[in-house]
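Here the structure is laid out as structure tokens; the discussion comes afterwards.
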Amino acid sequence: MAQITLIGERQAVAGHEFVYRGPQPECRECRVKAACLNQEVGRRYRVVRVRDVAHPCLLNEERARVVEVEAAPPECSLPARGAVEGALVAYEPLVCANAACANYRLCHPVGLERGTRLRIMSIGRELDCPLGYEIAPARVAYPE
């Protein structure tokens, strides 16, 4: 189900994804902040529709556009053992600092915090991990 919010005009493009980081000091005096600050902190969202309404925005030093967004968790890696399609899990990131690894973005996805509840939609083939973790790529969704 889509949610109404506001984002900067440059980001107001269908398909654009962002992670909501919470209110900023510039937002205190804003007249439309209730419509803008209505997402869950740390959650990733995707713009599904851009509306024709815009408002001045002190944070973006431009205008903020009214958009419809939906929750959009990124693909991530999960332990291969016990990862079952349809299961609910609490996300636990791997302990790894190898930013040069081909799997780094899957193992450290932006917009997924430790403990976030996820439903496993699909699991891919086990990944080759230089540290020996038995992990697989997973497409996930936030549970309704």
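What to note about this one:
- Residue satisfying all of: in segment 92-144; small (Gly, Ala, Ser) and open to solvent by 90 Å² or more (accessible area, probe 1.4 Å); nearest to GLU17 (Cα to Cα) among these: ALA102
Every residue, every condition in (1) touching a Phe, Trp or Tyr at 6+ places or on another chain (Cβ under 9 Å); (2) hydroxyl-bearing (Ser, Thr, Tyr); (3) in contact (Cβ under 8 Å) with a residue 12 or more places away in the chain, yes or no:
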{"site": "PRO23", "(1), (2), (3)": "no, no, yes"}
{"site": "GLU26", "(1), (2), (3)": "no, no, yes"}
{"site": "GLU29", "(1), (2), (3)": "no, no, yes"}
{"site": "GLN39", "(1), (2), (3)": "yes, no, yes"}
{"site": "VAL50", "(1), (2), (3)": "no, no, yes"}
{"site": "PRO56", "(1), (2), (3)": "no, no, no"}
{"site": "LEU59", "(1), (2), (3)": "no, no, yes"}
{"site": "ARG65", "(1), (2), (3)": "no, no, yes"}
{"site": "VAL69", "(1), (2), (3)": "yes, no, yes"}
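- Subset of segment 3-26 [within 27 Å of ARG114 (Cα to Cα) and open to solvent by less than 50 Å² (accessible area, probe 1.4 Å)]: THR5, LEU6, ILE7, GLY15, PHE18, VAL19, TYR20, GLY22
- Total residues in segment 96-144, condition out of contact with any strand residue (DSSP E or B) (no Cβ under 8 Å at 6 or more places or on another chain) and of a type in the set (Asp, Glu): 3
- Pairs with Cβ under 7 Å, 6+ apart, first in segment 126-144 and assigned to a loop (DSSP other than H, G, I, E, B), second open to solvent by 90 Å² or more (accessible area, probe 1.4 Å): GLU134/ARG81; GLU134/GLU126; PRO143/ARG117
- Boolean, LEU78 is buried (at least 18 other Cβ atoms within 10 Å of the Cβ) and within 21 Å of the chain's Cα centre (by Cα): yes
The values are calculated or read from the model by the stated rules, or taken from the named source; none is laboratory data. If you're wondering where the values come from, they're calculated on a predicted model, not measured in any experiment. Methodologically, a virtual Cβ is constructed for each residue, glycine included, from the backbone with ideal geometry; neighbour enumeration extends over all protein chains shown. Protein only, heavy atoms only, side chains kept; ligands, DNA and RNA dropped before computing areas. Shrake-Rupley method; radii C 1.70, N 1.55, O 1.52, S 1.80 Å.
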